[in-house]
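Asker: I'd like to ask you about the structure that follows.
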Amino acid sequence: MPQARDGVTFAPPLAEGGFQRVYRVKERTRHGINFLLVALAGGFLFFNIAMFTRGRFRPTSLRELLSLLFLELAMPSLIVWLGSSYNKRVILHQESIEVVGWFYSRKLYFAEIRGRQTTRNSGPYGYPAHVFLPSDSQTRKLILPAFLCTDEYFRAWIKTIPKLPRKRH
């Protein structure tokens with residue numbers, strides 16, 4: 001796929017006569033976040049290896065062993081979860097919008113969209129994410145990544161979807 005400016009990819013027309021546009025978080029941001037997460041994972045791994053090889057930590061009870069096992073599984077899981085949130089793709093098809101990630105794939109047809117909201121107000125540091133609310137209350141909403149790079153086509157398209165007020169609790 002040819003890469004366009006700022007993380008927006010334009011796919012060639014599909015055989016069915018449709019099209020698709022792929023939007024992602026800016027490549028530089030993605031690479032920076034991925035680097036920080038790999039560095040965090042490497043530091044965590046180095047710390048654990050250093051603790052075991054120097055004999056500073058030896059679990060003496062089952063509770064300590066389970067705590068260590070939980071930590072050893074929780075930290076990498078957190079790192080992978082954070083990485084997956086910045087590496088999602090938003091694919092705008094002719095009849096639907098789809099969010100695809102490492103562990104997540106969700107598609108919502110345009111006819112099913114009741115309206116849109118934002119996750120928070122945009123301010124000087126705010127990066128709102130769009131949330132699409134489906135017409136059917138049993139269907140889950142579709143949330144786009146917060147730092148998504150878009151083009152004029154996407155911004156014009158999203159303006160056609162009614163903006164719904166957020167409910168105050």
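The values are calculated or read from the model by the stated rules, or taken from the named source; none is laboratory data. It should be emphasised that the depicted structure is a prediction, and the values quoted were computed from it without experimental measurement. Note: ideal-geometry Cβ built from the backbone for every residue, glycine included; neighbour counts use all protein chains shown. These area figures cover heavy atoms from the full protein model, side chains too; ligands, DNA and RNA do not enter into them. Shrake-Rupley method; radii C 1.70, N 1.55, O 1.52, S 1.80 Å.
Asker: If R₀ is 30 angstrom, what is the calculated FRET efficiency for the pair residue 105 and residue 160, using the beta carbon separation as r and rounding to 0.05? Mind showing how you got there, number by number?
Answerer: Details: r = 24 Å, r/R0 = 0.81.
Calculated value: 0.80.
Asker: In whole percent, and with a 1.4 Å probe on the protein chains, what portion of the accessible area of the range 46-105 is carbon and sulfur? Don't skip to the end; give the middle numbers.
Answerer: On the way: 2800 of 4240 Å².
Answer for the range 46-105 is 66 percent, counting heavy atoms of protein chains only.
Asker: Which shape class applies to the range 68-150: rounded if a/c is under 1.5, otherwise prolate when a/b exceeds b/c and oblate if not, where a ≥ b ≥ c are the square roots of the Cα gyration tensor eigenvalues? Write out the running numbers ahead of the final one.
Answerer: On the way: a/c = 2.10, a/b = 1.58, b/c = 1.33.
Since a/c reaches 1.5 and a/b is larger than b/c, the shape of the range 68-150 is classed as prolate.
Asker: Summing +1 for each Lys or Arg and -1 for each Asp or Glu, what net charge is found among the other residues whose Cβ lies under 11 Å from the Cβ of residue 105?
Answerer: +3
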